[in-house]
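Peer 1: Have a look at the structure that comes next, please.
The values are calculated or read from the model by the stated rules, or taken from the named source; none is laboratory data. Predicted model, so just to flag it, every value in this text is computed and none were measured. Note that we place each Cβ from the backbone using ideal geometry, even for glycine, and neighbour counts take in every protein chain shown. Quick note on the areas: whole protein, heavy atoms, side chains included, nothing else; ligands and nucleic acids left out. Shrake-Rupley method; radii C 1.70, N 1.55, O 1.52, S 1.80 Å.
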Amino acid sequence: MITLYQTPVAWGTPNLSPFCFKLESYLRMAGIPYSVKLASLATAPKGKVPYVEIDGKLMGDSQFIIDYLKNKHGDSLDAKLTPEQLAIGHTIRRMLEECTYWYIVYMRWVDEEGWRAYTPVVESMIPGVVGGPVPLTALRQKMLQILHDQGTGRHTMEEVQVLAKADISAIATLMGKKSFLLGDEPSSFDAVVYAFLVSIIANPVDTELKQYTLSQENLVRYCARFKARFFANWKPPESQAA
């Protein structure tokens with residue numbers, strides 16, 4: 001049994017962190033038993049979520065964890081993929097994690113309407129995840145500085161949504177009429193795609209990016225298909241149930 005440490009359930013999804021959601025999706029896809037506990041950045045191996053306790057040790061970084069599990073349990077999800085498919089999946093994963101992620105962060109922390117909607121979620125993580133009573137204004141200022149240094153924070157909301165919509169368009173085009181990203185059966189890369197799409201769609205703020213994502217009919221069907229197959233029996237942990 002793996003213990004998955006992550007941020008609290010919110011907005012009707014297993015997790016608002018795309019990386020936590022990605023890892024939980026993979027565990028379900030691979031049929032690996034796990035339990036969920038609230039994370040603490042004070043004990044997180046890399047100071048970030050998610051992290052897991054596995055084989056008597058703590059391990060951080062969602063992708064390193066997935067790679068470890070593939071080596072330990074086998075890689076039935078990706079075993080039949082061609083080198084080209086693996087390359088496409090890798091490229092999409094890196095786009096989502098290194099670019100789209102920052103657009104999602106921007107819409108939660110920078111945009112005023114997005115911040116108002118996200119504030120209760122941040123409050124639910126203090127002090128459990130963050131590790132102490134930190135003022136919200138200080139947390140937000142820190143994140144704004146990180147976004148500015150990374151580059152996304154230098155853009156306007158309109159510019160960020162243009163960039164993010166291009167990412168969504170690329171995924172919709174590549175997926176086409178396929179049931180999953182790379183074919184009729186899911187691969188580990190679908191854990192990433194699904195997590196990021198839901199992170200956008202679940203936002204209660206009706207952003208242009210959210211509406212654009214919902215307008216991609218193949219992606220909407222994909223999310224419904226993935227949920228029915230891997231999360232049909234999901235419910236919030238008792239400790240976090242409303």
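Peer 1: Provide the per residue accessible area, probe 1.4 Å, for the chain, rounded to a whole number of square angstrom. Please list the in-between numbers first.
Peer 2: Working: 11690 Å² over 242 residues.
Ligands and nucleic acids excluded, the figure is 48 Å² per residue.
Peer 1: Still on this structure, I have one more. So which residue, out of Cys99, Cys20, Cys223, gets the largest mean-square fluctuation from a GNM of the chain using Cα contacts under 10 Å as springs?
Peer 2: Cys99
Peer 1: Of the candidates Ala195, Ala39, Ala87, which one comes out as most mobile in a Gaussian network treatment of the chain with C-alpha springs shorter than 10 Å?
Peer 2: Among Ala195, Ala39, Ala87, the largest GNM mean-square fluctuation belongs to Ala87.
Peer 1: Further question: Just Gln63, Gln161, Gln150 to compare: in a GNM of the chain, with alpha carbon springs under 10 Å, which one fluctuates most?
Peer 2: Gln150
Peer 1: Once the other residues with Cβ under 15 Å from the Cβ of Gly47 are scored (Lys, Arg +1; Asp, Glu -1), what is the net sum?
Peer 2: +2
Peer 1: Within 10 Å of each candidate Cβ there may be at most 12 other Cβ atoms; applying that plus a DSSP loop requirement, which GluC sites (Glu not before Pro) in the range 153-242 survive? Could the numbers behind the result be given before it?
Peer 2: Numbers: sites: Glu158, Glu159, Glu208, Glu217, Glu238; in loops: none.
Loop-located and lightly packed - none at all.
Peer 1: Return a whole-number percent for the relative contact order of the chain, with Cα pairs under 8 Å and 6 or more residues apart as the contact set.
Peer 2: Contact order relative to length: 24 percent.
Peer 1: Expressed in nm to one decimal, what extension gain is obtained for the pair His148 and Asp78 from 0.36 nm per residue of sequence separation less their Cα-Cα distance? Walk me through the numbers before you get to the answer.
Peer 2: On the way: separation 70, 0.36 × 70 = 25.20 nm, distance 3.66 nm.
Gain on extension, His148 to Asp78, equals 21.5 nm.
Peer 1: If I model a spin label at Val220 and Trp11 as a point 7 Å from the Cα along the Cα→Cβ vector, what separation in nanometres do I get?
Peer 2: Once both label points are built, they end up 1.8 nm from each other.
Peer 1: Can you bin the range 129-228 into rounded, prolate or oblate? Criterion: square roots of the alpha carbon gyration tensor eigenvalues sorted a ≥ b ≥ c, rounded for a/c under 1.5, prolate for a/b above b/c, oblate for the rest.
Peer 2: Prolate, because a/c is 1.5 or more and a/b exceeds b/c.
Peer 1: Within the chain, what whole-number % of the accessible surface is contributed by carbon and sulfur, with the 1.4 Å probe and all protein chains included in the calculation?
Peer 2: Accessible surface attributable to carbon and sulfur in the chain totals 55 percent.
Peer 1: Right, something else. Rg over Rh of the range 1-149, using C-alpha atoms and the Kirkwood radius, what does it come to?
Peer 2: Values: Rg = 16.5 Å, Rh = 16.7 Å.
Using only Cα positions, Rg/Rh for the range 1-149 is 0.99.
Peer 1: Hey, another quick one. Along its principal axes, what span do the Cα atoms of the range 1-57 show, with the longest given first and each in whole Å?
Peer 2: 29, 25, 14
Peer 1: Let me ask something else. Accessible surface of His73 in the full protein assembly, 1.4 angstrom probe, to the nearest 10 Å²?
Peer 2: About 110 Å², ignoring ligands and nucleic acids.
Peer 1: Sticking with this one: Using r as the Cβ-Cβ distance of Arg140 and Arg94, and R0 as 41 Å, what FRET efficiency do you calculate, to the nearest 0.05?
Peer 2: 0.90
Peer 1: Hand me the trypsin sites (Lys or Arg not before Pro) from the range 36-81 located in a DSSP loop with no more than 16 other Cβ atoms within 10 Å, in residue order please.
Peer 2: Sites meeting the loop and neighbour criteria: Lys46, Lys48, Lys80.
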